[in-house]
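S.K.: Take a look at this one; I'll ask things after.
Since every read-out is calculated from the coordinates, none of them should be taken as a lab result. Treat the numbers as computed from the prediction; the structure is a model and nothing was measured. Virtual Cβ from ideal backbone geometry, glycine too; neighbours counted across all protein chains shown.
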Amino acid sequence: MEEIIIKAKEGDVVAYTQLILNMKNDLYKIAKTRFINDDDVDDAIQETMIMSYKYLKKLKDPSKFKAWIIKILISNCNKIYNRKHKYKEITEDYDLEGYYEMYKEESNDITEIENTIDFYKLIQNLRYEERIIIILLYQERFTQKEISKILNTNENTIKTRLSRAKIKIKKLYEEVQKNG
């Protein structure tokens, strides 16, 4: 992947497009932790693509591309969220159809799809700060130290939020199991 990043840094549009296509599902999952509707997700990803293309030449270490672009995405998500919420509150429930469609494309295993949807149903009740950490840790496989850099947050804060999120998920899971 580093070869593609180096080509993209040199201005190769095809290489840049390949990078984005390789990351599209990851970018979607991360943006979806912040937004309910897919239009906002698309806006955040589009702004991220524009910014990352514009500033790609400034990326010093190609091996850090994924963390770098995710940091840009999260920043764009927060800007869009703050801009929208300055004027109104979103009251809709999370639409899990987008997740279902995405995983249906990736997997033919219905059990895997159902488990993924159940996972998103569990984390939808977490605060955004907790959801994003869970996604970055368990789905994107970043370390807590890397997450603290991506989110520009102290590593101890990440550990605390992660701990709280795990406790909430466990309680929610137990409630679901009890209520059938």
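S.K.: So for each of 120-128, 163-171 I average, over its residues, the number of other beta carbons within 10 Å; can you give me the resulting order with the highest mean first?
M.R.: Going from most to least packed, we get 120-128, 163-171.
S.K.: Let me ask something else about it. If r is the Cβ-Cβ distance from residue 141 to residue 61 and R0 is 25 Å, what FRET efficiency results, to the nearest 0.05? Provide the component values of the computation, followed by the final result.
M.R.: On the way: r = 18 Å, r/R0 = 0.73.
Computed FRET efficiency for residue 141 and residue 61 comes out at 0.85.
S.K.: Right, something else. Which ³J(HN,Hα) values in Hz, rounded to whole numbers, follow from the phi angles of region 128-137 under the Karplus curve 6.51 cos²θ - 1.76 cosθ + 1.60, where θ = phi - 60° and Gly and Pro get x?
M.R.: 3, 4, 7, 4, 5, 5, 4, 5, 5, 6
S.K.: Same structure, new question: How far is it, in nm, from the label point at residue 154 to the one at residue 167 when both lie 7 Å from their Cα along the line to the Cβ?
M.R.: 1.8
S.K.: In nanometres, what is the gap between the two model label sites at residue 119 and residue 175, each 7 Å from Cα along Cα-to-Cβ?
M.R.: The answer from the label model is 2.2 nm.
S.K.: Residue 178: which lysines have alpha carbons under 17 Å from its alpha carbon, excluding same-chain residues fewer than 8 sequence positions away?
M.R.: Counting by Cα, and skipping residues close in sequence, residue 178 has these lysines nearby: 121, 168, 170.
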